[in-house]
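See below for the structure under consideration.
Where a number appears in this text, it was derived from the coordinates with a stated rule and is not lab data. On a predicted model such as this, the values are computed, not experimentally measured, just so you know.
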Amino acid sequence: MGGLEIITRKDLTRLSEFDYRSGAMVCIDKPLGWTSFQVVNKLRYVLSRHVGVKRLKVGHAGTLDPLASGLLLICTGKGTKQIQSFMGQEKEYLAELTLGATTPSYDLETTIDQTYPTEHLSPRIIGDIASDFIGEILQHPPIFSAKKKDGRRAYDSARAGKEIELAACPVTIHELEFNRIEMPQVEFRVRCGKGTYIRSLAHDIGKALKSGAYLSALKRTAIGQYDLEDALSVEEFCAAFRSLESP
């Protein structure tokens with residue numbers, strides 16, 4: 001892509017050979033509990049030392065929440081100018097929602113605020129609603145998100161206890177399938193367009209089932225043509241450069 005060097009798991013034994021200043025994109029498997037910025041900072045520290053500069057440009061294409069794991073595309077050097085082109089690509093996730101309850105953040109960041117009945121639900125009823133979400137739909141972003149309202153990040157207002165409502169945005173769901181239903185957990189795979197909040201999708205599925213739901217697990221498995229199976233762990237990447245410093 002535009003002269004950008006693409007680095008995947010197959011390049012594990014030759015990571016030091018790439019020109020990170022001229023521009024590279026690294027497929028990384030973000031660990032659970034890390035912020036996307038922590039991954040960026042870790043790789044920036046390692047690569048800045050490697051190329052001998054004070055602060056190499058490093059950025060990511062598409063944030064993953066700390067409670068999510070999976071594919072993160074890290075761009076370096078002049079390659080950071082191409083971040084937007086990656087952010088616009090389709091993304092695929094493997095997710096789990098828990099039925100019968102909601103949380104203000106739509107995931108496990110906050111505690112359950114309401115519970116709902118699930119006795120009326122069955123695998124058939126759950127499976128039948130998948131088609132209702134295919135195509136372009138309107139989606140309300142979670143109030144615990146980085147969306148801005150009146151010049152302020154929504155999550156700042158939400159954490160301060162201020163009641164806010166974010167306008168619905170059009171998003172595109174290309175594929176949605178329920179893989180495993182073991183009440184109250186439902187595992188699903190979704191392929192979607194830019195700007196889709198999987199937390200909001202889980203919340204809306206709960207509403208469509210006349211119950212409640214929150215996102216209880218999330219892993220990003222693909223961005224465009226790049227797959228999680230091709231990704232390096234943060235530790236693998238960093239270890240490759242530490243070995244160069246060994247006496």
Worksheet, complete the sentence: re region 62-135: pairs of Cα atoms spaced beyond 18 Å account for a percent value of 63
Fill in: Highest-fluctuation residue, Thr13, Thr221, Thr115 considered, GNM on the chain with Cα pairs under 10 Å
Thr13
Item to complete: For the pairs Lys54/Lys91; Lys42/Lys81; Lys54/Lys219; Lys54/Lys194; Lys30/Lys210; Lys10/Lys54, note any where the Cα-Cα span goes beyond 27 Å.
Response: Lys54/Lys91; Lys54/Lys219; Lys54/Lys194; Lys30/Lys210; Lys10/Lys54
Discussion item. What is the distance in Å between the Cα centroid of region 1-62 and that of region 181-243?
Written reply: 22
Worksheet item: Taking the chain as the region of interest, what is the percent of Cα-Cα pairs per 5 angstrom bin, listed from the shortest bin to the one with the maximum distance?
Response: 1, 6, 13, 16, 17, 14, 11, 9, 6, 4, 2, 1, 0, 0
Practice prompt. Determine Rg/Rh for region 14-77; Rg is computed over alpha-carbon atoms and Rh is the Kirkwood hydrodynamic estimate from the same atoms.
Written response: 0.97
Fill in: Gained length - Ser85 relative to Val53, 0.36 nm times residue gap less alpha-carbon distance
8.9 nm
